[in-house]
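One structure is given here, and the rest of the page talks about it.
The values are calculated or read from the model by the stated rules, or taken from the named source; none is laboratory data. Fair warning: this is a prediction, and the values are worked out from it, not measured in the lab. Virtual Cβ from ideal backbone geometry, glycine too; neighbours counted across all protein chains shown. Side chains included, ligands, DNA and RNA excluded: accessible areas come from the protein's heavy atoms. Shrake-Rupley method; radii C 1.70, N 1.55, O 1.52, S 1.80 Å.
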Amino acid sequence: MNNTNNYLLIFILSAFTFSTISCTQKKEEKIVTEKTVTNNGPLPFSDPENTGGWVLNEEISDEFEGTSIDTTKWFVEGQNGDYYIWKGRAPSQYAPHNVIVEDGKLKIVTQWEPDYNFAKESYADGAHKDTYGVHEGKPLPVTTAAIVSKKRFLNGYMEVKSKAPKAAMTAAFWAIGYEQELDVYEQLAVPKIAKEGSISHNTNRTAIHDWSPPSVRPTKAFGYDETVPYTTSDDFHIYGVEWGEDYLKIFRDGKFVHGFIQDELGIDWVLNNPMEVWLDSEIFKWLGVPHKEELPATFEVEYMRVWQKPSDNLLVKDRAFYGFEGPILFEENPRPLDMVPEDSNPNDYQKFWIFDEGSSKYLKIHEGHYASGVESLKFSGYGKNEHLEVDKVVAKAPEGSLNIPAGDYTLSAKVWLDQGRITDSIHVTLMNPKTELVFNGLKELPRKQWVNVNTDFSRQEVSGDTDGMVIEIRKEDLPETKAAKLFIDDISIKKKK
């Protein structure tokens, strides 16, 4: 697994603009869809001068050139009979033949297909169950499509240039990860049923959902509905979000629309883990179903791009795991097809911190006290008539969770120390080659605030296949009774300066 810094610092060599396309929209709105390009690729439409220092993530981004979808980047729902998570929102069903790449665009087609072999099963949409191909007891043979990125990413700017289908079918650009969902937009250009507060022909809905157990609907944590001055199926527009560690900014046609910050949301800030990108079309039956006469209809996407910012943290790709927010990903292995966002079971694709029985009494992942994200590693301490019942408490990362080149480094973390008798040391061992490290002098640190601790180390060899990290708090470093609690967060490894 590659946990090294995958992002190279790119200097802008030269820039020029071309392909100025203008179109008159409803209410006479005129947009200019210029494409800003450098020798290293396109730049965000919201930041054409690249003041943010963005670097294109080419593993996920796609210009949709050629004559077929790039299956090294995308999982196509239903291809080879395989479906990931679901077959679509019934009564419509995803079908792989509806994913078309032509004329430099992705086309997700919705069709009326009475001869299609719909799945003989129901999909539970909240309290309501629908059968694929059937609506209110009558045939509704509608097929559509979805693609899902094979790679996930943590924080960045994601953007599409797209046009919704002219039918009672959604256009959706969204992302999911561990216990979270970000709907960059949901659009519905031709709703059949008008409901107050729902999606209209000129609505651009952004919504964030919390899938942490118990994931009981409604799962929406926060969001924003923008009324746009056009029907979303009229023409192409550019939609994007900038997703930071503690903020989200919504953009349309390069202009800032609305934002959220974690300080206002608290633990409702759920966007803490890497996410995969989805592009799909569905039936929202509560807003009506498409008529045969309006099909086929096409959701068109000219490009989907993701940019990120460089970091000197070698653990940046897995920063969520080393910040105790969620699993570490082994993306060289396929995602289990039934792995939903709320799935906390370890498998070949996602693995979690490991606590043995003796340690789990004193160590746990704790929500609500954090340096970043919403979680940290908590050592609970013990009282006046108690003592540590094991020689040490241990949090162990999975084998293969570190891949560090030979060199000189600084290991750092943030700690919060309660008042009282505190351990003076936190031990950290890197497993292969074995490297024993210690954060010493904790007793001298300020209390009840997040403090950086660090230690330097050198390695003469690259990480072995079983390299990982073990965090220990040892009985020998603790008082016999009345040990204060502490928290650990935001572990990083950087090249020594």
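Note on the stretch 396-438: residues that are open to solvent by less than 10 Å² (accessible area, probe 1.4 Å), in a strand (DSSP E or B) and under 28 Å from Gly368 (Cβ atoms) total 6. All of Lys151, Lys129 fail the test of being under 30 Å from Phe256 (Cα atoms) and open to solvent by 40 Å² or more (accessible area, probe 1.4 Å), apart from Lys151. Filtering the stretch 52-95 to residues that are within 15 Å of Asn117 (Cβ to Cβ), in contact with a Gly (Cβ under 8 Å, 6 or more places away or on another chain) and of a type in the set (Phe, Trp, Tyr) leaves only Tyr94. Pairing each residue of the stretch 105-122 that is acidic (Asp, Glu) with any residue that is surrounded by 18 or more Cβ atoms within 10 Å (Cβ to Cβ), provided the two are 6+ apart or on different chains, yields C-beta distances under 6 Å for Glu113/Pro141; Glu113/Thr143.
Residues in the stretch 132-139: is at least one within 26 Å of Ile199 (Cβ to Cβ), part of a strand (DSSP E or B) and either free of Cβ contacts under 8 Å to residues at least 12 places away in the same chain or in contact with a His (Cβ under 7 Å, 6 or more places away or on another chain) (or both)? Yes; the residues of the stretch 132-139 include at least one that is within 26 Å of Ile199 (Cβ to Cβ), part of a strand (DSSP E or B) and either free of Cβ contacts under 8 Å to residues at least 12 places away in the same chain or in contact with a His (Cβ under 7 Å, 6 or more places away or on another chain) (or both).
Considering the stretch 140-176 alone, what residues qualify as being of a type in the set (D, E, K, R) and part of a loop (DSSP other than H, G, I, E, B)? Even if it seems obvious, please write down each step before you answer.
First pass over the stretch 140-176, keeping only residues of a type in the set (D, E, K, R): 150-152, 159, 161, 163, 166.
Matches in the stretch 140-176: Lys150, Lys151, Arg152, Lys166.
Annotation note: of Glu480, Glu386, the sole residue that is of a type in the set (D, E, K, R), in a loop (DSSP other than H, G, I, E, B), in contact with a His (Cβ under 8 Å, 6 or more places away or on another chain) and under 27 Å from Glu357 (Cα atoms) is Glu480.
Is it the case, given these coordinates, that Phe45 is touching a strand residue (DSSP E or B) at 6+ places or on another chain (Cβ under 9 Å) and not in a loop (DSSP other than H, G, I, E, B)?
Spelling it out, it is not the case that Phe45 is touching a strand residue (DSSP E or B) at 6+ places or on another chain (Cβ under 9 Å) and not in a loop (DSSP other than H, G, I, E, B).
From the residues in the stretch 46-74 that are open to solvent by 40 Å² or more (accessible area, probe 1.4 Å) and of a type outside the set (Asp, Glu), which one is nearest to Gly104 (Cα to Cα)?
Let us first name the residues in the stretch 46-74 that are open to solvent by 40 Å² or more (accessible area, probe 1.4 Å), namely 48-49, 51, 58-59, 63, 65-68, 70-73.
This time we only want the ones that are of a type outside the set (Asp, Glu), so: 48, 51, 66-68, 71-73.
Details: Pro48: 22, Thr51: 28, Gly66: 7, Thr67: 9, Ser68: 10, Thr71: 16, Thr72: 18, Lys73: 16 Å.
This residue is Gly66.
Filtering the stretch 330-384 to residues that are aliphatic (A, V, I, L, M), over 19 Å from Ile267 (Cβ atoms) and in contact with a strand residue (DSSP E or B) (Cβ under 6 Å, 6 or more places away or on another chain) leaves Ile354, Leu363.
With the structure loaded, tell me whether Gly468 is closer than 24 Å to Ser360 by Cα and either at pLDDT 95 or above or surrounded by fewer than 17 Cβ atoms within 10 Å (Cβ to Cβ) (or both) or whether it fails that test.
Values: closer than 24 Å to Ser360 by Cα: yes; either at pLDDT 95 or above or surrounded by fewer than 17 Cβ atoms within 10 Å (Cβ to Cβ) (or both): yes.
It is true that Gly468 is closer than 24 Å to Ser360 by Cα and either at pLDDT 95 or above or surrounded by fewer than 17 Cβ atoms within 10 Å (Cβ to Cβ) (or both).
Against the condition part of a strand (DSSP E or B), closer than 22 Å to Glu159 by Cα and touching a helix residue (DSSP H, G or I) at 6+ places or on another chain (Cβ under 8 Å), how does Ile100 come out, does it pass? Spelling it out, it is not the case that Ile100 is part of a strand (DSSP E or B), closer than 22 Å to Glu159 by Cα and touching a helix residue (DSSP H, G or I) at 6+ places or on another chain (Cβ under 8 Å).
Let's see how each residue does on (1) more than 16 Å from the chain's Cα centre (by Cα); (2) modelled with pLDDT of 95 or more; (3) surrounded by fewer than 19 Cβ atoms within 10 Å (Cβ to Cβ); (4) of a type in the set (Asp, Glu):
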{"site": "Pro165", "(1), (2), (3), (4)": "yes, yes, no, no"}
{"site": "Ala172", "(1), (2), (3), (4)": "no, yes, no, no"}
{"site": "Asp183", "(1), (2), (3), (4)": "no, yes, no, yes"}
{"site": "Pro191", "(1), (2), (3), (4)": "yes, yes, yes, no"}
{"site": "Ser198", "(1), (2), (3), (4)": "yes, no, yes, no"}
{"site": "Thr227", "(1), (2), (3), (4)": "yes, yes, yes, no"}
{"site": "Glu245", "(1), (2), (3), (4)": "no, yes, yes, yes"}
{"site": "Leu248", "(1), (2), (3), (4)": "no, yes, no, no"}
{"site": "Phe256", "(1), (2), (3), (4)": "yes, yes, yes, no"}
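Of the set (1) assigned to a strand (DSSP E or B); (2) without any contact (Cβ under 8 Å) to a residue 40 or more places away in the chain, all apply to Ser200 but (1).
Quick check on this structure: which one of Phe236, Phe222 is under 18 Å from the mean Cα position of the chain (by Cα) and at pLDDT 95 or above? Step through it out loud before you land on a result.
Working: Phe236 fails: under 18 Å from the mean Cα position of the chain (by Cα).
After ruling out the rest, the residue left standing is Phe222.
Taking every residue in the stretch 75-103 that is touching a residue at least 12 places away in the same chain (Cβ under 8 Å) and of a type in the set (S, T, N, Q) and pairing it with any residue that is assigned to a loop (DSSP other than H, G, I, E, B) and open to solvent by 30 Å² or more (accessible area, probe 1.4 Å), at least 6 positions away or on another chain, the pairs with Cβ-Cβ distances below 7 Å are Gln93/Lys87. Screening the stretch 279-383 for strands (runs of 3 or more DSSP E) wholly inside it with 2 or more residues that are within 30 Å of Leu43 (Cα to Cα) and aromatic (Phe, Trp, Tyr) returns the ranges 297-308.
Answer yes or no: is there a residue in the stretch 199-220 that is touching a helix residue (DSSP H, G or I) at 6+ places or on another chain (Cβ under 6 Å) and not polar (S, T, N, Q).
Quick first cut of the stretch 199-220, residues touching a helix residue (DSSP H, G or I) at 6+ places or on another chain (Cβ under 6 Å) only: none.
No, that holds for no residue.
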